[in-house]
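Report on the structure given below.
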Protein chains: 2
Amino acid sequence: MRATISDVARAAGVSIKTVSRVLNKERYVGAATRERVEAAMTALNFSPSLAARTLAGSRSFQIALIYDNHSPFYIHQIQEGVWARCRQEGVRMLAQPVDVASPTLAREVGGLIDETRVDGIVLSSPVTDAAPVLAELERRGIPFVRISPGTNHALTSSVFMDDAQAADDMTTHLVNLGHRRIGFVIGHPNHMASDQRLFGYRRALDRAGIAYEPELVRPGLFDFASGAAAAEALLALPAPPTAIFASNDDMAAGVLAVAHDRGIPVPARLSVAGFDDTELARAVWPPLTTIRQPTRDLAYTAASLLFEKSDGVEHRRLQHDLMTRGSTARPAG
Amino acid sequence: MRATISDVARAAGVSIKTVSRVLNKERYVGAATRERVEAAMTALNFSPSLAARTLAGSRSFQIALIYDNHSPFYIHQIQEGVWARCRQEGVRMLAQPVDVASPTLAREVGGLIDETRVDGIVLSSPVTDAAPVLAELERRGIPFVRISPGTNHALTSSVFMDDAQAADDMTTHLVNLGHRRIGFVIGHPNHMASDQRLFGYRRALDRAGIAYEPELVRPGLFDFASGAAAAEALLALPAPPTAIFASNDDMAAGVLAVAHDRGIPVPARLSVAGFDDTELARAVWPPLTTIRQPTRDLAYTAASLLFEKSDGVEHRRLQHDLMTRGSTARPAG
DNA sequence: GCGAATTCAGACACCGCTGTCAGACGGTGA
DNA sequence: TCACCGTCTGACAGCGGTGTCTGAATTCGC
């Protein structure tokens with residue numbers, strides 16, 4: 001049967017409180033005692049009941065990762081990162097997909113906290129910018145860290161990259177190749193990063209002395225279909241762009257598909273650039289020039305911030321990289 | 001402050017136990033009493049402590065989903081399916097990535113069960129066939145369901161599709177198009193489904209009276225790179241195949257990339273087929289002809305089996321579909 | 001109209017740990 | 001020598017619910 005803490009105590013000839021001390025690495029346990037207890041624990045194959053620890057103590061050894069569904073690749077990396085850090089800490093991760101548009105979201109999150117008593121929360125974009133949720137978390141005073149938030153940077157701890165600079169870098173890359181008419185596909189309007197990326201695109205154009213043309217900029221939803229639709233529109237223009245920069249890889253894949261369909265060789269006649277460097281970027285052809293977003297590391301760092309529990313608000317900026325692959329080249333002619 | 005069950009009891013003018021009865025939908029609670037209690041619960045915004053319920057009762061309101069990392073798309077759909085069913089049941093899902101090759105895996109899983117007291121477990125391939133894990137679960141008598149297991153079908157409840165038939169269908173599709181030299185890329189050796197798919201391929205060839213040629217069959221690991229490597233080898237053959245059937249979409253994407261690199265038009269000169277119908281199948285160009293595997297439904301059904309807790313072992317086979325898209329066509333000439 | 005079955009509600013122990021407090025012990029400074 | 005401190009360990013009371021048992025009120029069969 002399952003071993004309990006009192007079984008261990010009996011086997012080691014100490015009180016259950018002493019076993020508890022060893023379990024929690026508290027001070028004031030003699031070396032000899034500790035060893036006896038540890039031996040008993042392994043001998044009995046003891047795993048403490050999380051439920052009992054949560055109920056009796058002030059920690060639950062669980063944190064929650066809250067996200068809304070967008071790219072599976074992105075979510076996968078986020079989960080990976082948070083989970084890896086949790087594992088080091090001996091803490092469980094509760095993955096909680098939500099609908100950021102749900103009117104009851106704040107209450108759901110509140111219920112989650114009450115039920116599970118999680119020790120902290122990692123928020124992934126776009127839940128990072130859902131005001132009711134932030135207010136609820138604030139009200140309860142539960143520690144939380146946001147990954148790539150778009151608003152109120154100062155308020156809470158967060159990890160992020162410089163989306164504007166990254167988009168600027170990519171646009172500059174295209175400009176340096178010789179492109180002058182560069183199409184842009186905006187990201188999902190729910191995500192604040194979308195604005196940042198658009199801003200970076202415009203800033204780079206501006207610096208290069210290229211006039212901003214609204215017709216070259218199309219809305220998107222971070223998915224394949226919207227990328228394809230945007231490409232259709234851009235390529236139907238009287239003076240179509242020689243390069244298209246999509247705000248994520250999924251949409252860039254959509255752009256690629258449209259180009260292939262129309263027999264437009266990439267990159268010879270059309271350069272295509274993405275953003276994120278998900279696995280998709282290397283699975284399409286030609287492989288996408290894209291911005292490597294350190295997604296996994298962002299998530300890992302977010303979890304770290306939670307565990308380090310420095311009292312104050314802390315921010316960490318992580319570096320991005322421009323990954324030059326086969327989908328971009330000098331314009332024809 | 002957080003409301004407890006005794007707050008609710010006081011507010012409703014009943015005993016704690018009666019509130020507990022309402023919470024658990026037990027019998028023998030008067031309609032009027034139930035309403036008073038429910039009103040008090042919403043008024044106080046009461047969420048019961050999972051830790052306390054777990055400790056005192058015989059359920060934990062949690063199940064675990066155990067998987068080893070392979071395609072992010074696949075995992076994403078599996079999580080989605082299990083999670084959707086859990087939500088209906090008011091049960092939390094603990095996502096637990098593991099390394100199926102780890103020698104301590106069974107112990108880890110045992111520890112997970114002891115710590116969390118999960119009510120049941122969903123196993124996803126290839127953990128479905130890790131003998132030590134199965135033995136551990138069996139020993140503890142904890143309910144579990146396997147998704148697409150490869151072995152010991154009779155032993156435990158499972159949901160699956162007919163991988164052999166699906167591969168047979170795809171191969172037959174290619175044969176019917178007129179292909180005679182059909183390359184095949186095997187899946188990851190850890191996954192039992194890989195054998196089944198190879199078997200289906202051979203069976204279809206056999207029925208069509210086409211001799212099996214070992215040189216047309218290459219090993220793979222379910223990832224892009226191994227698909228590309230297999231394609232390189234196949235296309236370097238003195239008599240290269242006119243079609244390549246890869247055991248999943250990721251590898252098929254690798255095949256496509258090699259074809260593009262070599263300037264071999266798809267599907268005009270080479271047909272390419274995948275397996276799974278992940279989002280990737282529609283993100284590449286041309287979109288992949290593939291087998292739609294009802295991954296999300298498999299996961300959903302697996303969770304259902306867990307909750308329905310019919311005493312006996314139960315199996316559910318789900319249907320697959322042949323999705324004909326742009327990557328396959330009649331061979332040239 | 002009366003005993004028995006059924007419906008309803010509460011008392012109480014306890015699930016397996018942690019927090020608090022108090023006690024024992026040996027070493028230290030005055 | 002004594003008071004005092006740091007170190008080590010145990011007793012004990014909960015944490016917030018559920019399972020079991022017991023008892024009262026109601027319905028039912030004949």
* To do: Tell me, please, whether a residue that is open to solvent by less than 70 Å² (accessible area, probe 1.4 Å), within 19 Å of B:Phe61 (Cβ to Cβ) and more than 8 Å from DNA strand D (Cβ to nearest atom) can be found in segment A:52-59.
  => yes
* **Filter result for A:Val145 (among the hydrophobic types (A, V, I, L, M, F, W, C) and assigned by TED's automatic domain parsing to the domain that holds A:Leu288)** => no
* Structure fact -> Only one of A:Arg325, A:Arg292, A:Arg330, A:Arg296 is out of contact with any strand residue (DSSP E or B) (no Cβ under 9 Å at 6 or more places or on another chain) and touching a residue at least 24 places away in the same chain (Cβ under 8 Å), namely A:Arg296
* To do: Looking only at segment A:243-262, decide whether some residue is open to solvent by 50 Å² or more (accessible area, probe 1.4 Å) and at negative phi.
  => yes
* Hey, A:Arg2 hits all of (1) within 12 Å of chain B (Cβ to nearest Cβ); (2) away from DNA strand C (no atom under 14 Å from the Cβ); (3) open to solvent by 30 Å² or more (accessible area, probe 1.4 Å); (4) not acidic (Asp, Glu) but one; which does it fall short on? -> (2)
* To do: Keeping to segment A:209-256, report how many residues are among the small types (Gly, Ala, Ser) and free of Cβ contacts under 8 Å to residues at least 12 places away in the same chain.
  => 3
* **Inter-residue pairs, beta-carbon under 7 Å, first closer than 20 Å to A:Phe61 by Cα and in segment A:11-31, second part of a loop (DSSP other than H, G, I, E, B) and near DNA strand C (Cβ under 10 Å from one of its atoms), 6+ apart** => A:Leu23/A:Pro48
* **Residue list for segment B:33-50, restricted to those being within 10 Å of B:Ala12 (Cα to Cα) and within 13 Å of DNA strand C (Cβ to nearest atom)** => B:Thr33, B:Arg34, B:Glu35, B:Arg36, B:Val37, B:Glu38, B:Ala40
* Does B:Val8 satisfy the criteria of being within 11 Å of DNA strand C (Cβ to nearest atom), more than 30 Å from B:Gly187 (Cβ to Cβ) and either touching a residue at least 60 places away in the same chain (Cβ under 8 Å) or among the hydrophobic types (A, V, I, L, M, F, W, C) (or both)? -> no
* Asked: Limited to segment A:99-135, what total is found for residues that are in contact with a strand residue (DSSP E or B) (Cβ under 9 Å, 6 or more places away or on another chain) and more than 28 Å from A:Arg296 (Cβ to Cβ)?
  -> 1
* For segment A:33-42, what are the residues that are more than 14 Å from chain B (Cβ to nearest Cβ) and open to solvent by 70 Å² or more (accessible area, probe 1.4 Å)? -> A:Arg34, A:Glu35, A:Arg36, A:Glu38
* To do: Can you confirm whether segment B:88-101 contains a residue that is part of a helix (DSSP H, G or I), away from DNA strand D (no atom under 14 Å from the Cβ), open to solvent by less than 10 Å² (accessible area, probe 1.4 Å) and modelled with pLDDT of 90 or more?
  => no
* Somewhere in segment B:270-281, is a residue surrounded by fewer than 24 Cβ atoms within 10 Å (Cβ to Cβ), under 14 Å from B:Phe184 (Cα atoms) and away from chain A (no Cβ under 11 Å)? -> no
* To do: Can you tell me which residue among A:Lys25, A:Lys17 is within 12 Å of DNA strand C (Cβ to nearest atom), on the phi > 0 side of the Ramachandran plot and of a type in the set (D, E, K, R)?
  => A:Lys25
* Going by the structure shown, is A:Leu322 at pLDDT below 95 and not in a loop (DSSP other than H, G, I, E, B)? -> no
* Quick one: is B:Ala257 in a helix (DSSP H, G or I), within 13 Å of another protein chain (Cβ to nearest Cβ) and not charged (D, E, K, R)? -> yes
* For segment A:199-208, state whether one or more residues are under 21 Å from A:Thr324 (Cα atoms) and either of a type in the set (Val, Ile, Thr) or in contact with a strand residue (DSSP E or B) (Cβ under 6 Å, 6 or more places away or on another chain) (or both). => yes
* Structure fact -> Exactly one of B:Arg53, B:Arg107 is within 16 Å of DNA strand C (Cβ to nearest atom), at pLDDT 90 or above and within 12 Å of another protein chain (Cβ to nearest Cβ), and that one is B:Arg53
* Structure fact -> Taking segment B:188-216 and keeping residues modelled with pLDDT of 95 or more, under 23 Å from B:Tyr74 (Cβ atoms) and open to solvent by less than 50 Å² (accessible area, probe 1.4 Å) leaves B:Arg197, B:Leu198, B:Gly200, B:Tyr201
* Asked: Does segment A:110-119 hold any residues that are assigned to a loop (DSSP other than H, G, I, E, B) and at the interface with chain B (Cβ under 7 Å from one of its Cβ atoms), and which are they?
  -> A:Arg117
* To do: Specify which of the listed residues (B:Glu108, B:Glu80, B:Glu136) is open to solvent by 10 Å² or more (accessible area, probe 1.4 Å), without any contact (Cβ under 8 Å) to a residue 60 or more places away in the chain and within 28 Å of A:Ile66 (Cβ to Cβ).
  => B:Glu108
* Asked: Which residue out of B:Ser47, B:Ser58 is facing another protein chain (nearest Cβ under 9 Å), outside any helix (DSSP H, G or I) and farther than 30 Å from B:Thr295 by Cα?
  -> B:Ser47
* Specify which of the listed residues (B:Val14, B:Val82) is within 16 Å of DNA strand D (Cβ to nearest atom) and either within 14 Å of chain A (Cβ to nearest Cβ) or in a loop (DSSP other than H, G, I, E, B) (or both). => B:Val14
* Asked: Counting only residues that are over 24 Å from B:Ala3 (Cα atoms) and of a type in the set (Asp, Glu), how many does segment A:95-110 have?
  -> 1
* Structure fact -> Per the list (1) in a helix (DSSP H, G or I); (2) exposed (fewer than 14 other Cβ atoms within 10 Å of the Cβ); (3) within 13 Å of DNA strand D (Cβ to nearest atom), residue check on A:Ser20 breaks on (2)
* If only one of A:Val8, A:Val29 is touching a Lys or Arg at 6+ places or on another chain (Cβ under 6 Å), open to solvent by less than 60 Å² (accessible area, probe 1.4 Å), within 12 Å of DNA strand D (Cβ to nearest atom) and away from chain B (no Cβ under 11 Å), which one is it? -> A:Val29
* To do: Consider B:Arg146 carefully, then state whether it is among the basic types (Lys, Arg) and crowded, with 18+ Cβ neighbours inside 10 Å.
  => yes
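The values are calculated or read from the model by the stated rules, or taken from the named source; none is laboratory data. Predicted, not measured: the structure shown is a model, and the values here were computed from it. Cβ atoms come from the backbone with ideal geometry, glycine included; neighbour counts cover every protein chain shown. Note: areas computed on protein heavy atoms with side chains; ligands, DNA, RNA excluded. Shrake-Rupley method; radii C 1.70, N 1.55, O 1.52, S 1.80 Å.
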